[in-house]
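Below: one structure, written as structure tokens.
The values are calculated or read from the model by the stated rules, or taken from the named source; none is laboratory data. Quantities reported herein were computed from a predicted structural model and do not represent experimental measurements. Neighbour counts are summed over all protein chains in view; Cβ atoms, including those assigned to glycine, are modelled from backbone coordinates with ideal geometry.
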Amino acid sequence: MARRFSCERTKTYLFVKNKSKRTRIVIKTAVARRYAQALFELLDASTIEPTREALTGLGQAIKDSVALRHVVASPAFGAEVKIAVLAELGSRLGCPPVGKTFLGQLVKKNRVGFLPEIAEAFAKLADASKGIQQITVSTAAALPPTEQDRISTRLREMLKRQIDVTFHTEARHLAGVQIHLGSTVIDSTVRGRLQAIQSLLTKE
């Protein structure tokens, strides 16, 4: 019996005018989380990690390959072709059958472009199920490996648990560090401090 996925609540926003880039990203992330949650709930413990690896590989492939992005996004290619391409890539990456069915649903719902975000959301669910805390560290400039190791070690000591730290750069931060731990944000960036000052001034 085929398993069905039901997680559609928000219509696609990609072509809606007057939406800021930040709003689009937030909506896209929310949709990706729902898809990731729907898939996660259908898996048993033995298939979570293989599915995670397959989704991560597919998400990265879509990011890296212009040709693959064209195939999965272009109306010139039918759903059957897109499903076949993703199924083949999924097989090479060891994706379980439920994961392949999920990929087919993404094609039918026109959500293949969300795969990188879905893969990221699924990885967080997989880590949470194993008690691993996902942490994102944002800086204005890329940190050298030694500094990344120092921050990771310090966070591990503070939280006293397993963590998975992702580092990325945001030029808009100007300087300093912004750390995301779940719903908690620790912001010591110049931009963050300027926003705090602006908020105080508007309350005067």
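So here's what we get for this one:
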read-out: Matching residues in the range 99-124 - criterion: being in contact with a Gly (Cβ under 8 Å, 6 or more places away or on another chain), surrounded by fewer than 20 Cβ atoms within 10 Å (Cβ to Cβ) and more than 21 Å from Asp164 (Cβ to Cβ); value: Lys100
read-out: Residues (touching a residue at least 12 places away in the same chain (Cβ under 8 Å) and either touching a Lys or Arg at 6+ places or on another chain (Cβ under 9 Å) or among the aromatic types (Phe, Trp, Tyr) (or both)) located in the range 74-102; value: Ala79, Ile83, Leu86, Ala87, Gly90, Val98, Thr101, Phe102
read-out: Some residue of the range 84-103 being touching an Asp or Glu at 6+ places or on another chain (Cβ under 7 Å) and in a helix (DSSP H, G or I); value: no
read-out: Residue among Ala141, Ala128 that alone is over 30 Å from Ala79 (Cβ atoms) and in contact (Cβ under 8 Å) with a residue 24 or more places away in the chain; value: Ala141
read-out: Residue check, Val81 closer than 17 Å to Glu49 by Cα and in a helix (DSSP H, G or I); value: no
read-out: Residue list for the range 22-62, restricted to those being farther than 18 Å from Lys109 by Cβ and either of a type in the set (A, V, I, L, M) or exposed (fewer than 13 other Cβ atoms within 10 Å of the Cβ) (or both); value: Arg22, Thr23, Ile25, Val26, Leu43, Asp44, Ala45, Ser46, Ile48, Ala54, Ala61
read-out: Candidates Ala79, Ala73 - the one that is modelled with pLDDT under 90 and over 13 Å from Ala126 (Cα atoms); value: Ala73
read-out: Condition check for Lys63: touching a residue at least 24 places away in the same chain (Cβ under 8 Å), assigned by TED's automatic domain parsing to the domain that holds Ile27 and assigned to a helix (DSSP H, G or I); value: yes
read-out: Qualifying residues in the range 104-142 (those that are touching a Lys or Arg at 6+ places or on another chain (Cβ under 9 Å) and not in a helix (DSSP H, G or I)) - the one farthest from His70 (Cα to Cα); value: Gly131
